[in-house]
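**Q** Dumping the structure here so I can ask a few things about it.
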Amino acid sequence: MTDLSLQEKTRAQSPAISSGKWWTSFVLLGVVLFALSDLSLRSLFQPEPTDTAYRSWIASAVADYPKSGKKPQIVILGSSLVVATVNDGDATTLGEAIDGTLHHRSITLEKAIAQATDRPVDRAPLSQSFAIGGQMASDAYAILRTLFNSDNDNLKNRFVSPKIIVWGIAPRDFMDATFTDPDTSSTVMYLDNLTANHDALGTRKPYIWRQMEYLADALFYAYGERDHFVVLQKQVVYGVLARLGLVKAEEIGTVKTPQELLRIARRELPEDNGLHQWMVKPQQQAISQFEDNSKEYSARYNPYKEKLFMMQLSYLHKFLVLSKLLGIKVVLVNMPLTQENLNLIPAGRYKMYLDAVKNLAVQNQATVLDYNDGKLFGHEFFNDPVHLNGYGSQRFFQMVGKEISKGTKFD
């Protein structure tokens, strides 16, 4: 009776044992197949590290940096004040509209240097603009640290340290009350993806969840390259649309959305600037209507945040120290502003800003050009209280070109 019960018990357990072995084999097979596919991707899928699915200002500027051939000897940094100067100046100099999304050099500056150094324009030093609207000192430091001081061989071979950096600065770049966290700016988040530890600023705390994500990036190639798969997906979709004749190949990436809708989208979606979205026309006559942006800058200047100001100054200091180590000459240009804009800055804060910048420049052998004396740039050179127009932009870069030609030996 006992033997019969044991036999029946064994028969009853046999299906369960077989099922368990089958699931174990199934899981092991899945692991092996995943490992093989991951290894295959590592060898077959090698995307450009700088590629991104979204055309942010920083991504566009990085993509436009020459991959080979002649490298820029001049790098331009700054906020929208400098973006406007680069774009409006060149549109006016060339006499034609330019696409602000794709334009990342100052032909006006290059021509000014050619004239000052008595050389043909085609032998003028090449410039590269990394000026981005809303750029803070922390963003500028992240650009320098990630692109021109990288341990990554791909970045090191492509991004060659310039001879000189021209950085147009203004009070807002250090005391913007609407600015929250340096780590969450679009510039820093993009550059994080180009660093081994996802830390473009070198200041992130080692939170456990971040460490787990970095470990997953390193262990699983498919996971680490997830953003580049989105790039591939968009390329395939665009290619299919072009093949089907639903969109012209030359219009891929073109944005025709009204500006008001774009502003709403930018608050909810990743920054993705389309072709022909930011067209800049040449100036052909004096500005008849002076745009008022006092509400915007009142919100930026007030309330004054001491902690933010000191933090951004610390990034300026780091920037100047690293530039000196890399053998890059830095010229800080105090951007011209109108009295209307200066009146919005809390009492005493403008002098505090300019004194602090000059002191740091002296400590690190950087040059300061102060173009905000109220005489060099009158209202006729502005589109609004802070942004220079086409004529003002030409004047600005002609002055800068003449100054930097005196103490810089270009190839």
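The values are calculated or read from the model by the stated rules, or taken from the named source; none is laboratory data. Given the structure is predicted, the values throughout are model-derived calculations rather than measurements. Quick reminder, even Gly has a Cβ in these numbers, built from the backbone with ideal geometry, and neighbours come from all protein chains shown.
**Q** Show the residue pairs that are 6+ apart or on different chains and have beta-carbon atoms under 7 Å apart, the first residue being within region 319-333 and over 16 Å from residue 358 (Cα atoms), the second being of a type in the set (Phe, Trp, Tyr) and crowded, with 17+ Cβ neighbours inside 10 Å.
**A** Here the result reads 326/148, each pair linking region 319-333 to a residue that is of a type in the set (Phe, Trp, Tyr) and crowded, with 17+ Cβ neighbours inside 10 Å.
**Q** When the residues of region 285-301 are narrowed to those that are without any contact (Cβ under 8 Å) to a residue 60 or more places away in the chain and polar (S, T, N, Q), which ends up nearest to residue 368 (Cα to Cα)?
**A** In the first step, residues of region 285-301 are kept if they are without any contact (Cβ under 8 Å) to a residue 60 or more places away in the chain; the result is 285, 288-289, 295-296, 298.
Subset that is polar (S, T, N, Q): 285, 288-289, 298.
Numbers: 285: 32, 288: 32, 289: 32, 298: 26 Å.
So, considering only residues that are without any contact (Cβ under 8 Å) to a residue 60 or more places away in the chain and polar (S, T, N, Q), the one nearest to residue 368 (Cα to Cα) is 298.
**Q** Another question about this same structure. Can you pull out the residues in region 132-161 that are closer than 22 Å to residue 174 by Cβ, without any contact (Cβ under 8 Å) to a residue 60 or more places away in the chain and not in a helix (DSSP H, G or I)?
**A** 134, 135, listed by residue number.
**Q** I would also like to ask the following. Go through the residues of region 67-74 one by one and say whether even a single one is touching a His at 6+ places or on another chain (Cβ under 9 Å) and of a type in the set (A, V, I, L, M). Reasoning before the result, please.
**A** Initial filter on region 67-74 (touching a His at 6+ places or on another chain (Cβ under 9 Å)): none.
Among the residues of region 67-74, not one is touching a His at 6+ places or on another chain (Cβ under 9 Å) and of a type in the set (A, V, I, L, M), which makes the answer no.
**Q** Is it true that some residue in region 78-95 is assigned to a strand (DSSP E or B), crowded, with 23+ Cβ neighbours inside 10 Å and either in contact with a His (Cβ under 9 Å, 6 or more places away or on another chain) or at pLDDT 95 or above (or both)? So that I can check it myself, show each step before the final result.
**A** Of region 78-95, the ones assigned to a strand (DSSP E or B) are 78.
Adding the requirement that they be crowded, with 23+ Cβ neighbours inside 10 Å leaves 78.
Applying the additional criterion that residues be either in contact with a His (Cβ under 9 Å, 6 or more places away or on another chain) or at pLDDT 95 or above (or both) yields 78.
Yes, region 78-95 contains a residue that is assigned to a strand (DSSP E or B), crowded, with 23+ Cβ neighbours inside 10 Å and either in contact with a His (Cβ under 9 Å, 6 or more places away or on another chain) or at pLDDT 95 or above (or both).
**Q** Something else now. I'd like the residue in region 356-411 that is of a type in the set (Ser, Thr, Tyr) and out of contact with any Phe, Trp or Tyr (no Cβ under 7 Å at 6 or more places or on another chain) and, out of all such residues, is surrounded by the most Cβ atoms within 10 Å (Cβ to Cβ). Give the steps one after another, and end with the answer.
**A** Step one: list which residues in region 356-411 are of a type in the set (Ser, Thr, Tyr), which gives 367, 371, 391, 393, 405, 408.
From the residues that got through so far, the ones that are out of contact with any Phe, Trp or Tyr (no Cβ under 7 Å at 6 or more places or on another chain) too are 367, 393, 405, 408.
Values: 367: 16, 393: 28, 405: 19, 408: 16.
Applying the filter and picking the extreme gives 393.
**Q** OK, next. Would you be able to say whether some residue in region 369-379 is more than 20 Å from residue 82 (Cα to Cα), out of contact with any Gly (no Cβ under 6 Å at 6 or more places or on another chain) and touching a residue at least 12 places away in the same chain (Cβ under 8 Å)?
**A** As a first pass, look at region 369-379 and keep what is more than 20 Å from residue 82 (Cα to Cα): none.
Looking for residues that are more than 20 Å from residue 82 (Cα to Cα), out of contact with any Gly (no Cβ under 6 Å at 6 or more places or on another chain) and touching a residue at least 12 places away in the same chain (Cβ under 8 Å), one finds none in region 369-379, hence no.
**Q** Name every residue in region 162-198 that is among the aliphatic types (A, V, I, L, M) and in a loop (DSSP other than H, G, I, E, B), in order of residue number.
**A** Just the residues of region 162-198 that are among the aliphatic types (A, V, I, L, M), to begin with: 164-166, 169-170, 175, 177, 188-189, 191, 194, 196.
Within region 162-198, 170, 177, 194, 196 meet the criteria.
**Q** Quick test for you: out of 127, 186, pick the one residue that is buried (at least 22 other Cβ atoms within 10 Å of the Cβ), under 28 Å from residue 396 (Cβ atoms) and either outside the structural domain of residue 328 (by TED's automatic domain parsing) or in contact with a helix residue (DSSP H, G or I) (Cβ under 9 Å, 6 or more places away or on another chain) (or both).
**A** Working: 186 fails: buried (at least 22 other Cβ atoms within 10 Å of the Cβ).
It is 127.
**Q** Restricting to region 133-161, name every residue that is modelled with pLDDT under 95 and within 11 Å of the chain's Cα centre (by Cα).
**A** Of everything in region 133-161, those that are modelled with pLDDT under 95 and within 11 Å of the chain's Cα centre (by Cα) turn out to be 133, 134.
**Q** Follow-up. When you scan region 326-411 for helices (runs of 4 or more DSSP H) that lie fully inside it, which ones turn up with 2 or more residues that are more than 20 Å from residue 112 (Cβ to Cβ) and assigned by TED's automatic domain parsing to the domain that holds residue 159?
**A** 339-342, 349-363
**Q** Next question, about the same structure. Filtering region 302-334 down to residues that are basic (Lys, Arg) and over 14 Å from residue 368 (Cα atoms), which residue is nearest to the chain's Cα centre (by Cα)? Can you show your working first?
**A** First pass over region 302-334, keeping only residues basic (Lys, Arg): 305, 307, 318, 324, 329.
Subsequent filtering for residues that are over 14 Å from residue 368 (Cα atoms) retains 305, 307, 318, 324.
Details: 305: 24, 307: 24, 318: 18, 324: 22 Å.
Once the filter is applied, the top-ranked residue is 318.
**Q** Which of the residues spanning region 339-364 are in contact (Cβ under 8 Å) with a residue 24 or more places away in the chain and more than 13 Å from residue 171 (Cβ to Cβ)?
**A** Scanning region 339-364 gives 339, 340, 360, 361, 363, 364.
**Q** Still on this structure: Testing residue 201 on (1) in a loop (DSSP other than H, G, I, E, B); (2) in contact (Cβ under 8 Å) with a residue 60 or more places away in the chain; (3) surrounded by fewer than 20 Cβ atoms within 10 Å (Cβ to Cβ), one condition comes back false. Which one is that?
**A** So the condition that residue 201 fails would be (3).
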